[in-house]
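The values are calculated or read from the model by the stated rules, or taken from the named source; none is laboratory data. Please read these numbers as outputs of a predicted model, since none were measured by experiment. When we count neighbours, we look across all protein chains shown, and the Cβ atoms used for this are built from the backbone with ideal geometry, even at glycine. Areas reflect the complete protein model, heavy atoms only, side chains present, ligands, DNA and RNA absent. Shrake-Rupley method; radii C 1.70, N 1.55, O 1.52, S 1.80 Å.
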Amino acid sequence: MAAHTTFKVGGPADLWVKPSLEDWQNGAAGILLEAAHRERIPVFVLGGGANLVVSDQGIRGIVLDMSGNSGLAHTSKGSQTLTFRAGSSVDEAVDEAARRDLGGLEFLAGMPGSIGGALWMNARCYDREMADVVSQVELLGAEGKLISLAPKKEEFSYKKSPFQTRDDLILNVSFALDKKDSLLIQKKMTEHRNDREAKGHYRFPSAGSAFKNNRAFGKPTGKIIDELGLKGFALGDAQVAPWHGNIIINRGKARAADIRALVTELQDRAKAALGIDLEPEILFTGDWP
Ligand SMILES: Cc1cc2nc3c(=O)[nH]c(=O)nc-3n(C[C@H](O)[C@H](O)[C@H](O)COP(=O)(O)OP(=O)(O)OC[C@H]3O[C@@H](n4cnc5c(N)ncnc54)[C@H](O)[C@@H]3O)c2cc1C
């Protein structure tokens, strides 16, 4: 799985399946899901792998790689609502909206991962979140049933989406967008991409912010870790980025176990020094000892 995650860690999946777009369109991917459900074989849905730490022991069962299910599925409402297949990369969707002079997705420019994963996570940046822009979602239930719903903003909260408590696969995601001057759209997108570059997001393998922010702490988690003197602190090749307290990087040959141990160490230090509980934002998945 190291080949399929932005952290570049993780052992093998028992079975890794990447259906093609044709497989998604002719129902073959749905048949696979139904069969797995019937045989009680666990299925892990993989988006862009940008928020994951997969165990060194790997993942039991099937990993269903969504990246074949990508591209613009259709447009509606005078072409202002764009529906993307969930495996589309975030940047692919952002660029497509910009090409059509449609504003609303600029805040996501430069964020790694897929549209489905971003929705599942209710990804947020630059004061906006997925819940602000999604209008309709098509899901594929474990028994192969297609479900269409319009999620309400109240069903989402900080890094939480209603999809985290259902077993369905996110198939398509629609965004209701606004006509906007493409130069203004491009300007914002470039601003965000440059800002991420300047913040060192792409310098080393990582999964973005390691911990959630918490208003009750009174300051961003990165600042707290920085003030504890832990910027640059490392266990094996897992390291707190020397330039940002809330990014853990793989500086070369980190194992998933090193990242996990570093996360636990940071939690212990914050608890001991300040009495606070840091909550990981990155997801630990797979077969942990
Ligand atoms: C450099 C960097 C910067 C980042 N910056 C940000 C940021 O600013 N804001 C932010 O919120 N995050 C950020 N992240 C984290 C990451 O980009 C987001 O969490 C992203 O939305 C994850 O999407 P993904 O497709 O990679 O999901 P994955 O990591 O593949 O999966 C995440 C979860 O979603 C589920 N999932 C994925 N696709 C589907 C689907 N189609 N149907 C059902 N479930 C699905 C998976 O099973 C898993 O539980 C950053 C990461 C990196 C590496």
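What to note about this one:
- Using R0 = 30 Å, the C-beta based FRET efficiency linking Leu15 and Arg166 works out to 0.80.
- When you filter the GluC sites (Glu not before Pro) in region 1-94 for DSSP loop state and at most 12 other Cβ atoms inside 10 Å of their Cβ, you are left with Glu39.
- If you plug the beta carbon distance of Lys212 and Glu22 into 1/(1 + (r/R0)^6) with R0 = 30 Å, you get a FRET efficiency near 0.15.
- The lysines within cross-link reach of Lys253, meaning a Cα-to-Cα straight distance under 16 Å and a gap of 8 or more places when in the same chain, are Lys8.
- Reachable lysines from Lys179, criterion Cα separation under 16 angstrom, eight or more residues apart if same chain: Lys77, Lys187, Lys188
- Ordering Thr165, Ile185, Gly117 by Cα displacement along the dipole of region 112-219 toward the positive end leaves Ile185 in first place; charges were set at the Cβ atoms of Lys, Arg (+1) and Asp, Glu (-1).
- Placing a pseudo-label 7 Å from each Cα along the Cα-to-Cβ vector at Arg38 and Leu183 gives an inter-label distance of 5.9 nm.
- Förster radius 45 Å - calculated FRET efficiency between Glu227 and Ile31, Cβ distance, rounded to 0.05: 0.25
- For region 94-180, averaging the sequence separation of C-alpha pairs within contact (under 8 Å, six or more residues apart) and dividing by the residue count gives a relative contact order of 36 percent.
- Candidates per trypsin sites (Lys or Arg not before Pro) in region 150-204, loop by DSSP, up to 12 other Cβ within 10 Å: Lys152
- Difference of contour (0.36 nm per residue) and Cα-Cα distance, Arg128 to Arg99: 8.3 nm
- Averaged over its residues, region 47-199 has an accessible area of 43 Å² per residue, based on protein heavy atoms and a 1.4 Å probe.
- Each Lys and Arg adds +1 at its Cβ and each Asp and Glu adds -1 at its Cβ; summed about the Cα centre, region 164-289 shows a dipole of about 420 debye.
- Electrostatic dipole magnitude of the chain [Cβ: Lys, Arg +1; Asp, Glu -1; Cα centre; debye, to 20]: 580
- Carbon plus sulfur fraction of accessible area for region 1-120, probe 1.4 Å, in percent: 53
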